[in-house]
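Notes to accompany the following structure.
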Amino acid sequence: MVAAKMDKKDLEQPDAFQETMGKAVAWAVENRQKLYAAAGAIVLGILLTGGYFFYAASQEKDAARLYLEARLKAMKADPMGTGTAGPEAVRAYEAVVDKYGSTDAARSARYELGSLYYNAGDYDRSIQVYRDFIDKAASKDIRVLYAWFGIGYAHEARKEYDKALEAFHRVASMNPGAVHEGISYRNIARVHEGLNDRGKALEYYRKALEKTKDPAATVILKRKIAQLG
């Protein structure tokens, strides 16, 4: 292939690459203060991001340690896990929430507090802390189902039956699986029975029976259906 012929005029013209680089250097010199500021902002952003990461990791570690201490106190006071650990465990879990409210450990502490408040008869706080837990929990966290159950039980204890039914229906609508769906229907049936709505109670006891595999629960449900039918 024959190279393209260059005449004297072409040789005397500035090289395009050199010309472009020259303009870039001139612009950089003229705008060096802006470049320094931009570079500084980038470096600062990197430092802040890294600093926050290490700070958050440290917070999670400290919160996890405090949560473990609270958990051990609760287990010592309530070895069977009945939710009646008492004031010392409550204060320990509250300390996790108060000091490290945005951590995973605080989320777990809120869940534990929901049961403790309920068993202490503090239904308002039980409902609130369960709702706080739900707001911060991952959508697939199985404890969300139990938190909604807890909210329903607390409203039921306060004789706020419409709100109790709303919570139990919420669980049933979440496709929780046969076991939890059956529990939801039993809860709904029980509330309707307490309201003397025999028809609705019977309807949901039958739905619960369809979902129930446990032999003991099956016997109880059949007895309830026979009584109401």
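The values are calculated or read from the model by the stated rules, or taken from the named source; none is laboratory data. Note that the coordinates shown come from a computational prediction; the quantities given were computed from them, not determined experimentally. Ideal geometry is used to build each Cβ from the backbone, glycine not excepted, and the neighbour counts take in all protein chains shown.
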Q) Which one of Ala138, Ala106 is free of Cβ contacts under 8 Å to residues at least 24 places away in the same chain, more than 13 Å from Ala154 (Cα to Cα) and not acidic (Asp, Glu)? A) Ala138
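Would it be correct to say that Gln128 is within 24 Å of the chain's Cα centre (by Cα) and part of a helix (DSSP H, G or I)? Let's see the steps before the verdict.
Values: within 24 Å of the chain's Cα centre (by Cα): yes; part of a helix (DSSP H, G or I): yes.
Yes: the conditions hold for Gln128.
When only residues in the stretch 175-205 that are aliphatic (A, V, I, L, M) and over 27 Å from Asp122 (Cα atoms) count, which is surrounded by the most Cβ atoms within 10 Å (Cβ to Cβ)? Before the answer, list the steps.
So in the stretch 175-205, the residues aliphatic (A, V, I, L, M) come out as 178-179, 183, 188-189, 191, 195, 201-202.
Imposing the further condition that a residue be over 27 Å from Asp122 (Cα atoms) reduces the set to 178-179, 201-202.
Values: Ala178: 11, Val179: 13, Ala201: 22, Leu202: 18.
The selected residue is Ala201.
Which of the following residues is under 28 Å from Ser58 (Cα atoms), assigned by TED's automatic domain parsing to the domain that holds Ala89, at pLDDT 95 or above and of a type in the set (Lys, Arg): Arg110, Arg143? Walk me through it before giving the result.
On the way: Arg143 fails: assigned by TED's automatic domain parsing to the domain that holds Ala89.
Just a single option satisfies the conditions, and that option is Arg110.
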Q: Considering only the stretch 60-69, state which residues are free of Cβ contacts under 8 Å to residues at least 40 places away in the same chain and of a type in the set (A, V, I, L, M, F, W, C).
A: Leu66, Leu68
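Test Ala208 against the stated conditions and say whether it is of a type outside the set (Val, Ile, Thr) and either more than 21 Å from Leu228 (Cα to Cα) or assigned by TED's automatic domain parsing to the domain that holds Asp78 (or both).
On the way: of a type outside the set (Val, Ile, Thr): yes; either more than 21 Å from Leu228 (Cα to Cα) or assigned by TED's automatic domain parsing to the domain that holds Asp78 (or both): no.
Here the answer is no, as Ala208 does not meet what is asked.
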Q. Assuming Ile142 fulfils every condition listed in (1) of a type outside the set (D, E, K, R); (2) in contact with a helix residue (DSSP H, G or I) (Cβ under 7 Å, 6 or more places away or on another chain); (3) surrounded by fewer than 16 Cβ atoms within 10 Å (Cβ to Cβ) apart from one, which condition is it?
A. (2)
Q | Identity of the residue in the stretch 56-113, of a type in the set (A, V, I, L, M, F, W, C) and assigned to a loop (DSSP other than H, G, I, E, B), that ends up surrounded by the most Cβ atoms within 10 Å (Cβ to Cβ) | A | Ala85
Q: With the condition kept exactly as written, say whether any residue in the stretch 207-226 is surrounded by 14 or more Cβ atoms within 10 Å (Cβ to Cβ), touching a His at 6+ places or on another chain (Cβ under 7 Å) and modelled with pLDDT of 95 or more.
A: no
Q: Scan the stretch 154-174 for residues that are among the acidic types (Asp, Glu) and surrounded by 15 or more Cβ atoms within 10 Å (Cβ to Cβ) and jot them down.
A: Glu156, Glu160
